[in-house]
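The values are calculated or read from the model by the stated rules, or taken from the named source; none is laboratory data. All of these numbers come straight from a predicted model, not from anything done at the bench. All Cβ positions, even for glycine, are placed from backbone atoms using ideal geometry, and neighbour counts span all protein chains on display.
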Amino acid sequence: MKSLFATIFGALLALALSAGSAAAARVTITGEVIDSWCYLTEIMYPLGTAHRQCALWCAAGGIPAAIVDDDGQVYIILKIETDSVNVANPTILDLQTNRITVEGDTFERDGITYLTIARVIENEGIVNLTADKYGIQPFGE
């Protein structure tokens with residue numbers, strides 16, 4: 001049931017975005033896959049190895065994953081490749097805190113940039129080694 005809800009929600013959100021805004025823009029983006037909640041709220045240090053475990057927990061719990069590029073632009077991920085699930089998506093869990101290059105379409109609405117990923121071009125893995133500097137950022141402690 002949760003999977004069906006997530007699929008329907010994702011499809012409706014993508015449809016609403018495309019209907020209520022300018023046409024999608026095809027882009028290639030390189031950046032780190034992040035947990036949007038901790039990154040945008042700054043509740044804790046939100047990047048790299050220091051934040052990996054929390055990012056996994058948040059993505060598994062339904063917090064939208066995003067990509068932050070080298071210029072600090074955040075793209076909320078709506079869909080990745082042919083996956084039909086956007087909440088607790090196994091592909092996103094595998095990519096969490098990795099530096100990736102993707103090709104996809106962006107949609108902007110109310111100052112938020114959304115991304116549907118057509119394909120992952122490159123996965124560099126985890127390159128942002130922040131644990132020594134910031135310590136592991138455990139959620140809830």
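Tell me, please, whether a residue that is in contact with a strand residue (DSSP E or B) (Cβ under 8 Å, 6 or more places away or on another chain) and of a type in the set (Gly, Ala, Ser) can be found in the range 80-93.
no
Taking every residue in the range 59-74 that is among the acidic types (Asp, Glu) and pairing it with any residue that is exposed (fewer than 15 other Cβ atoms within 10 Å of the Cβ), at least 6 positions away or on another chain, the pairs with Cβ-Cβ distances below 8 Å are Asp69/Thr30; Asp70/Thr30.
Taken together, the residues in the range 111-129 that are loosely packed, with under 11 Cβ neighbours inside 10 Å and over 13 Å from Asn98 (Cα atoms) amount to 1.
The one condition from (1) under 12 Å from the mean Cα position of the chain (by Cα); (2) farther than 20 Å from Leu129 by Cα that Arg26 does not meet is (1).
Residues of the range 75-108 that are touching a Phe, Trp or Tyr at 6+ places or on another chain (Cβ under 6 Å) and either part of a loop (DSSP other than H, G, I, E, B) or crowded, with 19+ Cβ neighbours inside 10 Å (or both): Leu78, Phe107. Looking across the range 20-74 at every residue that is in a loop (DSSP other than H, G, I, E, B) and of a type in the set (Gly, Ala, Ser), the one that is nearest to Thr101 (Cα to Cα) is identified as Gly72. Answer yes or no: is there a residue in the range 7-15 that is more than 14 Å from Ile117 (Cα to Cα), within 15 Å of the chain's Cα centre (by Cα) and modelled with pLDDT under 95. No, that holds for no residue.
I'd like to know if the range 109-123 contains one or more residues that are within 13 Å of the chain's Cα centre (by Cα), part of a loop (DSSP other than H, G, I, E, B) and at pLDDT 90 or above. Looking through the range 109-123, none of the residues is within 13 Å of the chain's Cα centre (by Cα), part of a loop (DSSP other than H, G, I, E, B) and at pLDDT 90 or above.
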